[in-house]
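First up is the structure itself, then whatever we jot down about it.
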Amino acid sequence: MPTTIDGLEDIVATHSSICDLDGKLGKLTYFGVDIHDLANHSSFEETAYLLWHGVLPTQKQLDELRQQLCANRQLPARMLDLMRLLPTTTSPMDVLRTSISALAAFDADLQNKSAEANLQRAIRLTAMLPTIVMSWEHLRNGREPLVPLPDHSHAANLLYMLSGKLPDDYTAHAMDVALILHADHELNASTFAARVTAGTLADMYASITSAIGALSGPLHGGANEQVIRTLLKIGEVDKADAYIRNALANKQRIMGFGHRVYRTEDPRATHLRAMSKELGERQKDTRWYEMSRVIEQCVKEVKGLNANVDFYSASFYYLLGFPIELDTPIFACSRISGWTAHVLEQYANNRLIRPRAEYIGPKETPYVPINQRGA
Ligand code: SDX
């Protein structure tokens, strides 16, 4: 038995063509296309096409995908009935996990496991996630959910579903870039959870339910929500340095920092830092960005750690007006494209994922009858 590697750190668990991470260089590519090129020139819809098909789409293919995503935004009517049964205190991530699982019940073609049927599921799930997230946001606040737009971009519809107002071009574009940046990230915990589940040949809904469960944890996707809570708790820019130094001195983790793979700047943080700054300047409220910069410099100096994707997305989403509890669900609204791409890849060349555990428990334990085991 080889020695156990905690957290499977640097263990290569599969082959994949989808996403390449170079932690030393801080390089991230999807099928070889650099994240900086995608962030600067692409759209979430084009990036989703790339993840699902391995090539950038022609204009015709992109137009067709956009139309499919728009056409699949509405939820089955009874899904909203199901949501109405839940206590309004239910967390948005728990509602998202429950809803994805329930969607299997509304898939009349569930037994069709063909690659095409699963690609259609990937498109439908990607189209519906913003509707699930924003419908719950309204229901939990005693409001009626909005009907998704039949047109407009994925990013614009997501923002519309929250506020009922169409975003301006800058805001829609900034949201689109954030969706691109969160779309995929190799074998992170939630993607690995999806592949392990798909590896048993469980269906797409079961695989994505596993992924959402994993993403909800504060060491993974749940970190962005913790970051904004920390910023709000600090409150003022000039209190940030002392607060963070004290937290680190008390061995606390600063959410939004560190990464299992990156040993230099997370390339996604580069864009999110700039977007947090620009949105703050546009809204004449750069407090959260300035506080973030102070924290970033402090953590780098004291722990030598860099900001990850969750650090600046927190202030960016806050400035966009998202309630804090929606930060991780918004992450999922993008990562659904990567998760489904990995599930499709797992199905296409599957082998059950079943590692071993190094046994460290007692051996040769005798079976003692219960009446001889003492009080
Ligand atoms: C995401 O995998 C992915 O690709 C994920 C993701 C994606 O796109 O899917 O990038 C998204 O999940 C980003 C990460 C979001 N999580 C957080 O921001 C939570 C805070 N970060 C940490 O908990 C931590 O950095 C992890 C979980 C991200 C990585 O943990 P590791 O690789 O297991 O590192 P570790 O816990 O072994 O820490 C190594 C050292 C320790 O110091 P020592 O005890 O050895 O002295 O670094 C320290 C840790 O204490 N450390 C931190 C820290 N992160 C690591 N110290 C303070 N604050 C932190 N955030």
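Brief remarks follow.
- Debye-formula intensities of the chain, expressed as log10 I(q)/I(0) at q = 0.09, 0.11 Å⁻¹, are -0.53, -0.78 (one equal scatterer per alpha-carbon, no solvent).
- Rounded, prolate or oblate (a/c below 1.5 giving rounded, otherwise prolate when a/b exceeds b/c) for the range 223-320 by Cα gyration tensor: oblate
- Difference of contour (0.36 nm per residue) and Cα-Cα distance, Lys27 to Asp63: 10.0 nm
- Order by protection proxy (mean Cβ within 10 Å, highest first), peptides 355-362, 119-126, 22-29: 119-126, 22-29, 355-362
- R0 of 51 Å, Cβ-Cβ distance Val368-Asn112: FRET efficiency to nearest 0.05: 0.45
- Selected from Ala332, Ala240, Ala348 as most flexible by GNM, with the chain as the system and alpha-carbon contacts under 10 Å: Ala348
- Based on C-alpha pairs under 8 angstrom that are at least 6 apart in sequence, the chain has a relative contact order of 23 percent.
- Label-to-label distance, nm, for residues given as Ala202 and His53 (7 Å Cα→Cβ offset): 3.1
- Pairwise FRET efficiency - Lys303 versus Lys239, Cβ, R0 = 25 Å, nearest 0.05: 0.85
- Computed from label points 7 Å out along Cα-Cβ, the spacing between Leu119 and Glu325 is 3.8 nm.
- Reported value for the range 263-375: 287 Å³ per residue, from the convex hull of its C-alpha atoms.
- Rounded to 0.05, the FRET efficiency of the Met1 and Asp151 pair, given R0 = 56 Å and the Cβ-Cβ distance, is 0.45.
- Relative packing of peptides 255-265, 310-320, 276-286 - highest average C-beta neighbours within 10 Å first: 310-320, 255-265, 276-286
- Mean separation of Cα contacts under 8 Å, 6 or more apart, over the residue count of the range 223-320: relative contact order %: 44
- Fully extended contour minus Cα-Cα distance, from Asn246 to Ala105, at 0.36 nm per residue: 45.8 nm
- Take the range 223-320 with all the other protein chains still there, run a 1.4 Å probe, and you get 47 Å² of accessible area per residue.
- The chain, dipole about Cα centre (Lys/Arg Cβ +1, Asp/Glu Cβ -1), debye to the nearest 20: 1020
- Rounded if a/c under 1.5, otherwise prolate or oblate - the range 188-233, Cα gyration tensor axes: prolate
- In this rough spin-label picture, where each label sits 7 Å from Cα along the Cβ direction, the Leu166-Ala348 distance is 3.7 nm.
- Estimated at 0.36 nm per residue, the fully extended path between Arg84 and Asn40 surpasses their Cα-Cα distance by 11.8 nm.
- Between Ser334, Ser210, Ser42, the GNM of the chain built on Cα springs shorter than 10 angstrom shows Ser42 fluctuating the most.
The values are calculated or read from the model by the stated rules, or taken from the named source; none is laboratory data. Since the model is a prediction, treat every value here as computed from it, not as a measurement. Counting neighbours? That spans all protein chains shown, and the Cβs are built from the backbone with ideal geometry, glycine included. Keep in mind that these areas ignore ligands, DNA and RNA; they rest on the heavy atoms of the full protein, side chains included. Shrake-Rupley method; radii C 1.70, N 1.55, O 1.52, S 1.80 Å.
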